[in-house]
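Report on one structure; see the data block that follows.
The values are calculated or read from the model by the stated rules, or taken from the named source; none is laboratory data. Here the structure is a predicted model, which is why all the values come from computation and not from measurement. Here the Cβ positions follow ideal geometry from the backbone for every residue, glycine too, while neighbour counts run over all protein chains shown. Accessible surface areas use protein heavy atoms only, side chains included; no ligands, DNA or RNA. Shrake-Rupley method; radii C 1.70, N 1.55, O 1.52, S 1.80 Å.
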Amino acid sequence: MSGKSNQSVTGTILVADDQAANRELLEELLTLEGFKVASVSTGAAALEQLSILPIDLVLLDVMMPNLTGFEVCEKIKANPDTYLIPVVLITALSDKQDRIEGIRAGADDFLIRPVDRTELLARVRSLLTLKFRTDELERAESVLFTLARSIEGKDPYTHGHCERLADYSATLGEHLKLSEDQVTALRRAGVVHDIGKIAIPDSIILKPTSLSPDEWKLMREHPVVGERICAPLKSFRSVLPIIRHHHEKFDGSGYPDGLAGEAIPITARVLQIVDVYDALTTIRPYKRAFSITDALQTMKMEVAKGWWDPHIFTLFEQFIRSGTADFLSRGAGAGSNR
């Protein structure tokens, strides 16, 4: 869709206005240009339509009874299922304070009534073009997530590993007061960190005993392969260092680059801590599931060997023992820290 010219962009537009004349005018202008239009008279009805129809853009009258356009916009942007849908607020008011309130509600654009046809179509087409590009990006991310989960699904002992790591690492990142972008990268990396294993034969991934030197050599390539797979996606720029470096060790003995200490990105240091914890506390064909106490004690010994960031591990241990992260001990299945 993004390859089309701006003039040929189409989509489904939701119009919400309590005045029938306003709805009919917008519907007529948009339908003549090839857009599909759904129209409602209340904010509540707009939210209901968004839960039913695949809407590409919303035109909201500000001064509706009960739920105002500001309130509807705020609800749309607070919902993970609809927050990427562009919202244009339409008002007869040009007061600066109304625009500020609209911006706070998350509005993507504004139109002043009486609506100018040329301005309406230009703004609608521009926002729809951006929306369709965002949709393409989401589809690409979805493909990567599906691929990563298909790799996990090959081994019944790794069931749920991706979701657990996504939750664990994002939770620990928030506890460490990392930035919102870093926490988002951790959540994504929790799912795709081992996507490079798509290039590793199943006979190696599923081997219940120790790997041979040649098998280990091949296994150690999966972070680089994973980085290469995800590199074309610009939204994954912050995820790539986690994918590549989550098998590095604090003393420099890890792979693929032998990074040491703080040269290892902090997000990768966070993920590797929870990756190891998940591997220890869940069952494998060759080991029992460790208790929380045994897992933390084992990791403490590994920190003493120089494997993991001692500061992050100390905070992680405090977090676990505080009882505020009980979910970290739940789940059957297992991760692999190979």
* To do: Please give the length that would be gained between VAL224 and GLU24 if that part of the chain were fully extended, namely 0.36 nm times their separation in residues minus their C-alpha to C-alpha distance (nm, one decimal).
  => 66.4 nm
* Asked: Looking at [x] 15.4; [y] 25.4; [z] 20.3, which value of mean projected area of the Cα convex hull in nm² comes from a calculation on the structure shown?
  -> [z]
* To do: Kindly state, to the nearest 0.05, the FRET efficiency for LYS177 paired with LEU32, given R0 = 41 Å and r defined as their beta-carbon distance.
  => 0.20
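Dipole size in debye (nearest 20) for the chain around its Cα centre, Lys and Arg Cβ +1, Asp and Glu Cβ -1? Intermediate results must be reported in sequence, preceding the final value.
Details: 39 positive and 47 negative charges, 228 e Å.
In debye, rounded to 20, the chain gives about 1100.
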* To do: With all distinct Cα pairs included, what does the Kirkwood hydrodynamic radius of region 255-299 come out to in Å, to one decimal, could you say?
  => 11.8
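If you average 1/r over all unlike Cα pairs in region 1-154 and invert the result, what Kirkwood radius do you get in angstrom? Present the calculation step by step, with values, prior to reporting the outcome.
Details: mean 1/r = 0.0616 Å⁻¹.
One decimal place: 16.2 Å for the Kirkwood radius.
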* To do: Using only the alpha carbons, work out the radius of gyration and Dmax of region 30-85 in angstrom.
  => 11.3, 32
* Asked: Based on DSSP, what percent of beta bridges with both residues in the chain are antiparallel, to the nearest 5?
  -> 5
* Förster radius 35 Å - calculated FRET efficiency between ALA122 and GLN318, Cβ distance, rounded to 0.05 -> 0.05
* To do: Calculate, for the chain, the solvent-accessible area per residue in square angstrom, rolling a 1.4 angstrom probe over the heavy atoms of the protein chains.
  => 48
* Shape category assigned to region 102-202 from the gyration tensor of Cα positions, a/c cut at 1.5 -> oblate
* Asked: To the nearest 10 square angstrom, how much accessible area does SER210 have with a 1.4 angstrom probe?
  -> 100
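Given charges of +1 on the Cβ of Lys and Arg and -1 on the Cβ of Asp and Glu, with all other atoms neutral, how large is the dipole of region 19-168 about its Cα centre, in debye to the nearest 20? Can you show the working numbers first?
Details: 17 positive and 25 negative charges, 32 e Å.
Around 160 debye, computed over region 19-168.
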* Separation of region 259-312 and region 43-94 by C-alpha centroid, Å? -> 45
* Of all accessible heavy-atom area on the chain, the percent that carbon and sulfur account for (1.4 Å) -> 54
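Could you compute the FRET efficiency for ARG139 and ASP202, with r as their C-beta to C-beta distance and R0 at 22 Å, rounded to 0.05? Could you put the intermediate results ahead of the total?
Details: r = 27 Å, r/R0 = 1.24.
Computed FRET efficiency for ARG139 and ASP202 comes out at 0.20.
Take each uninterrupted DSSP H stretch in the chain, measure its Cα extent along the helix axis, and return the ones at 24 Å or beyond whose mean Kyte-Doolittle hydropathy is at least -0.5.
Numbers: long enough: 117-153 (52 Å, -0.09).
Membrane-span-like by this criterion, though nothing is claimed about a membrane: 117-153.
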* **PHE319, PHE250, reordered so the largest accessible area comes first (probe 1.4 Å)** => PHE250, PHE319
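When the Kirkwood radius is taken over all Cα pairs of region 166-297, what Stokes-Einstein diffusion coefficient follows at 20 °C and 1.002 mPa s, in µm²/s?
Working: Rh = 15.5 Å.
D = 138 µm²/s.
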* **Given charges at Cβ of Lys, Arg, Asp, Glu: region 22-131 dipole, positive-most of VAL58, THR118, ILE103** => ILE103
* Label zone at ILE52 (point 7 Å along Cα-to-Cβ), backbone N below 18 Å, region 18-44 -> 18, 36-44
* To do: Go through PHE236, PHE132 and list them by solvent-accessible area, largest first, probe radius 1.4 Å.
  => PHE132, PHE236
* Asked: Of all trypsin sites (Lys or Arg not before Pro) in region 198-250, which ones are in loop regions per DSSP and have a Cβ with at most 16 other Cβ atoms within 10 Å?
  -> ARG220, ARG237
